[in-house]
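Contents: one structure, followed by commentary.
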Amino acid sequence: MTKDVEAVAEPEFSAKDYNDPPPAPLIDMEELKKWSLYRACIAEFVATLLFLYITVLTVIGYSAQSDTAAGGDDCGGVGILGIAWAFGGMIFILVYCTAGISGGHINPAVTFGLFVARKVSLLRAVLYMISQCLGAICGVGLVKAFQSSYYVRYGGGANVMAHGYNKGTGLGAEIIGTFVLVYTVFAATDPKRNARDSHVPVLAPLPIGFAVFMVHLATIPITGTGINPARSFGAAVIYNQEKSWNEHWIFWVGPFIGAAVAAIYHQYVLRAAAIKALGSFRSTA
């Protein structure tokens, strides 16, 4: 006799266990009526202020401690490694604190990249950038107020090209450095990754902070590391010397190009958003 074998129904799994948020509208005037927008702008302002205060103070402190002409020690201070840790560590802390309020951009290049990827509206992007730049100016202003004797002597933490490097090299360094940062932002906050790796406790601010740390190690000797137009703008405004303004365009053009390339690469190559959109259009037709 043959035994009847009962077929066991296998559970059906959805082909897609995550949901992409809808693209942000280009211009959404309704946002102006929402307190959440202004709260987010305040968060970006305060976070960028704190970021510039701590990091620029670290840069000037290291310069003072390692200045042998003023009685310092060549090996004194935190060194380039410590400066890189200050920038990366502050980004980790501030992104963690503000991610649930504003998204934790703290960088016009990050905001621009998210705008290119249709993650934020044009209105929100512009207001974020204004808030970040104002916060950066205030943060560096506090540094100058507290360290007035050292501030001008040691360059005010302004981004300038190092001796021996041309502007093309600096621009390339800023483009690649910002690409690394913004690409990491997209990868760390990807809803598909969060759904697929939900069993792995990945804290998004951690890889973002490490990206900032690694980029600083590579590019401090070239440009002092910008990769954040607000950081460069705030320092240039308060320091206000000719050299910092002559090369200032590098620290806007480079980060914006790098951010745009990272957004396009992640959204339209890795995530294949253009192909998905075309397929959706054909199926609807």
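The values are calculated or read from the model by the stated rules, or taken from the named source; none is laboratory data. Small disclaimer: the values here were computed from a predicted structure and weren't measured. Reconstructed Cβ throughout: ideal geometry from the backbone, glycine too, with neighbour counts over all protein chains shown. In case anyone asks, the SASA skips ligands and DNA or RNA and just uses the protein heavy atoms, side chains included. Shrake-Rupley method; radii C 1.70, N 1.55, O 1.52, S 1.80 Å.
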Checklist line | Calculated from backbone phi, Karplus (6.51, -1.76, 1.60) coupling profile of segment 105-117 in Hz, x at Gly/Pro | finding: 6, 6, 6, x, 5, 5, 4, 5, x, 5, 5, 4, 7
Check: What order do you get for 88-99, 177-188 when each peptide is scored by the mean count of other beta carbon atoms within 10 Å, highest first?
Finding: 177-188, 88-99
Item checked: Given Lys144/Lys243; Lys33/Lys119; Lys119/Lys192; Lys34/Lys192, the pairs whose alpha carbons are separated by over 26 Å -> Lys34/Lys192
Note to self: Kirkwood Rh over alpha-carbon pairs of segment 35-133, then Stokes-Einstein at 25 °C and 0.890 mPa s: what D in µm² s⁻¹, rounded to an integer?
What the structure shows: 167
Next item on the list: Just name one of Val56, Ala70, Ile80: the one whose Cα is farthest towards the positive end of the charge dipole of segment 17-139 (beta-carbon charges, Lys/Arg +1, Asp/Glu -1).
Entry: Val56
Note to self: Through the Karplus equation 6.51 cos²θ - 1.76 cosθ + 1.60, θ set to phi - 60°, convert the phi angles of segment 36-50 into ³J(HN,Hα) values in whole Hz; use x for Gly and Pro.
What the structure shows: 4, 5, 5, 4, 5, 5, 4, 4, 5, 4, 5, 5, 5, 4, 5
Notebook entry, point to check: Semi-axes, largest first, in whole Å: what does sqrt of 5 times each Cα gyration tensor eigenvalue give for segment 94-252?
Noted result: 29, 18, 15
Item checked: Probe 1.4 Å, accessible area per residue of segment 24-151, Å² -> 45
